[in-house]
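Enquirer: So that we are looking at the same thing, I have put the structure below in structure tokens.
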Amino acid sequence: MDFFARQDEARRRMRILLLLFGGAVVAIALAAGFVFLVAVHAFELLHGIEDPSAGYPHGPAFMRTAPLLAAIGFTTGTILLGTAVGLHRLRAGGRTVAALLGGRRIEPATGNAAERRFVNIAEEMALAAGVPVPDLYVLDGEAALNALAAGRAPDEAVIAVTAPCLTELPRGELQALLAHEFGHVVGGDVSLNLKLMGILNGLVFVGVLGKGLLRATPTSRSFRAWPVLFPVVLLGTALTAIGQAGLLAARLIKAAILRNTEHRADAFAVQFTREPSGLRDVLARILVRPRGSLIGHAGAEYASHMFFAEAVRAEGGPLTSTHPPLEERITRIDPAFDIAKFLRPRQSAYLKALIRGRVRKSPGGRPQPSAPRSPAPPTLAQRVVSEVGEPTAEHLAYARLAYARLPDTARRWLQVPGGAKAAVYAALLDPEPGVRRVQYRLLKEAGEADLLAEVFEFERPVWDLQSELKLPLLDLALPALRVLSPRERRDFLENVRRLSRADARTTLFEFVLDIILRHRLSPTPPVRPPYLRQSLHHVLPEALIVIARLAREGHREEDKANSAFEAAAEAMGVSRHTPPLPEACGNEAISNALGKLRTLSPTGRKEFLLACATCVLHDRVVQVSEMELLRAVAEALGCPTPPLGAGLQPTLPRPDEIPQHA
């Protein structure tokens, strides 16, 4: 199952979630109505009311039906209110989840060695996966080994780990753990998980209301007060019991929808790192750890489905377990691993060696995916598209190599907001001295005079960078830029636009940079277009505009550009189309076209990206401008695309041969 098929599956799982949620609401509301009728009847008996309908014109039928309807309406309204509150509370995305669990944000410029290693690994993996570097958090108060990823979308994700993950896991195991969480980010699981958390909040909201009612009920030993207090206590107890039923229903829904996603994330991690033993050993550590993966924070119940392993005890057994058994996951990763032998008390020496990092890494096996993988694509373009959302160890090696090529000074500056802004400004400086003086004046007028010295210091290192490393430089700057306030973001984006237009023209790099920055840093995120599931033929004119621009960026000769355009059009299933004129393929036209292409269905996006890759690779020579435009296309379509250059390197070093940053 590729990235695009997983997008379709995510929509299917969302429909299942809504159906199960609706069924749970109906069942709980009917149960509440029945309990309320019992409470009313008990109240009548205590007060000696034999005929509550006496003197009432509508008769006894109405007197029995009214409480039932009121209870059902009240319960349904309470659940829906709880769901609305949950979704509203999570509007800030993964940061809200991390705060709910008591997480502490790790600053990109942290001086702690363990945290610095965590940041470096996350930056390398984000570059390799083609997604922004997530915000990183640590759960300081937890003794278990666990982690989670959360967010509304891959470009707004956060990854949090418990403190022992940073202090006890060697680099290879921490990398495997992060690769698993990146699998949830890249695959889009984080979005569904966040919606699930908000929606299911309503099912436990009734129980919260019941417990609050019991706490608010005054205690009294007076016999005379009991006729009044007893129904209140009974109602509070009933609502608490119904809340427990809602909690059970929430756990069952989580298990039904998300259980298999853990196996896919495990397979993703092994493919990404090519180190099955790393993930296997993390799971083995949890298996023998006294605390295991259980999270002690009170908010763990709400986010239990987001964690790497079971965060709360599954009181209902396997039916309510949100994760597969650890033994099953280990066996899928390494079928040769002898779990029974490992769990024997006399094998404690193995555990000690594992903790010290001295266990020989067995080649083991590969995780068995839930569905058989398709055969290797026959063309290079198809291979590029098949790698969307599926980064490999080659991409990780390429990203690590690019990371190592960045000057140490540049990496340090990118970890603070001022340095990150200076790096972006320096990347936009024009080679022409006259234009560059105008740009420096614009920065001074915009109130950035304090940054001019840093921009000047960045000027030479950025110019010395290879062209294909400038966008990775931007990716590394984004975590520090996200710290800016909304007003600071607006001012920064406006300064970027002014610098781009200082010479009265906008280069392709400046255009792509503007698209990426506005997509990821806009104080008011762009409204996501409705998911219209349009086919490629509905937006064919816009698709041809982008293809024509790609063809001309990579082929200066008109006949070669036309040949690349025709090959891409054929990949889309159309022929005999004349390429749009160059003046019809300017930056503004490309921006408008990408806006309409965002309404494509996952299948349409796959077909369009295949056409783009066919155009770029037509002559098997990839220009930097082609890579930049392809990056903008993938960004607009929400498709995490690994570095294209990794697939074109004849002899990439293995990841363990590239210098690693602590």
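Enquirer: Grab the beta carbon distance between Ala256 and Ser535, set R0 = 30 Å, and tell me the FRET efficiency rounded to 0.05.
Expert: Numbers: r = 31 Å, r/R0 = 1.05.
Step by step, r from the Cβ atoms, then E = 0.45.
Enquirer: I'd like to compare 20-28, 147-155, 89-97, 386-394: which one has the highest average count of other Cβ atoms within 10 Å, and what's the full order after that? Walk me through the numbers before you get to the answer.
Expert: Values: 20-28: 16.6, 147-155: 24.9, 89-97: 19.2, 386-394: 21.9.
Result, highest mean first: 147-155, 386-394, 89-97, 20-28.
Enquirer: If each Cα of the range 536-653 is one equal point scatterer, what is log10 of I(q)/I(0) from the Debye formula at q = 0.13 Å⁻¹?
Expert: -0.45
Enquirer: Report the Cα centroid-to-centroid distance between the range 73-144 and the range 425-490 in angstrom, as an integer.
Expert: 29
Enquirer: Here's something else I'd like to know. Under the Karplus relation 6.51 cos²θ - 1.76 cosθ + 1.60, θ = phi - 60°, what is the ordered set of whole-Hz ³J(HN,Hα) values for the range 404-420, x standing for Gly and Pro?
Expert: 5, 6, 5, x, 4, 4, 5, 4, 5, 5, 5, 8, 10, x, x, x, 5
Enquirer: Run the Debye formula on the Cα coordinates of the range 135-223, all scatterers equal and no solvent, and tell me log10 I(q)/I(0) at q = 0.14, 0.18 1/Å.
Expert: Values returned for q = 0.14, 0.18 Å⁻¹ are -0.66, -0.86.
Enquirer: Do the alpha carbons of any pairs in Lys195/Lys606; Lys195/Lys421; Lys254/Lys596; Lys211/Lys254; Lys560/Lys596; Lys470/Lys560 sit beyond 30 Å of each other, and which pairs? Each step should come with its number before you reach the end.
Expert: Numbers: Lys195/Lys606 25 Å; Lys195/Lys421 33 Å; Lys254/Lys596 35 Å; Lys211/Lys254 24 Å; Lys560/Lys596 28 Å; Lys470/Lys560 28 Å.
Violating the 30 Å Cα-Cα cut-off are Lys195/Lys421; Lys254/Lys596.
Enquirer: Obtain the nm distance between the two label points defined at Arg313 and Leu37 by a simple spin-label model: each point lies 7 Å from its Cα along the Cα-to-C-beta direction.
Expert: Here the modelled spin labels are 3.6 nm apart.
Enquirer: Could you compute the net charge surrounding Glu107? Neighbours are other residues with a C-beta less than 11 Å from the C-beta of Glu107; K and R count +1, D and E count -1.
Expert: Numbers: positive: Arg104, Arg105, Arg116; negative: Glu115, Asp135.
Net of charged neighbours comes to +1.
Enquirer: Regarding the range 148-191, what whole-number volume in Å³ per residue does the convex hull of its Cα atoms give? Don't skip to the answer; put the middle values down first.
Expert: Numbers: hull volume 2.5 nm³, N = 44.
Expressed per residue, the convex hull around the Cα atoms of the range 148-191 is 56 Å³.
Enquirer: How large is ³J(HN,Hα) for each residue in the range 110-125, as worked out from phi by the Karplus curve 6.51 cos²θ - 1.76 cosθ + 1.60 (θ = phi - 60°), to whole Hz, x for Gly and Pro?
Expert: My calculation for the range 110-125 gives 4, x, 6, 4, 5, 5, 4, 5, 4, 5, 4, 4, 5, 5, 4, 6 Hz in order.
Enquirer: About the Cα centre of the range 546-613, how large is the charge dipole given +1 on each Lys and Arg Cβ and -1 on each Asp and Glu Cβ? Please answer in debye to the nearest 20. Mind showing how you got there, number by number?
Expert: Numbers: 9 positive and 9 negative charges, 67 e Å.
Its charge dipole is roughly 320 debye.
Enquirer: Using the Cα atoms as the points, what is the convex hull volume per residue of the range 71-134 in Å³?
Expert: Details: hull volume 7.1 nm³, N = 64.
Given the Cα convex hull of the range 71-134, per-residue volume reads 111 Å³.
Quick note: the coordinates plus some simple rules give every number you see, no bench work behind them. Note that the coordinates shown come from a computational prediction; the quantities given were computed from them, not determined experimentally. All Cβ positions, even for glycine, are placed from backbone atoms using ideal geometry, and neighbour counts span all protein chains on display.
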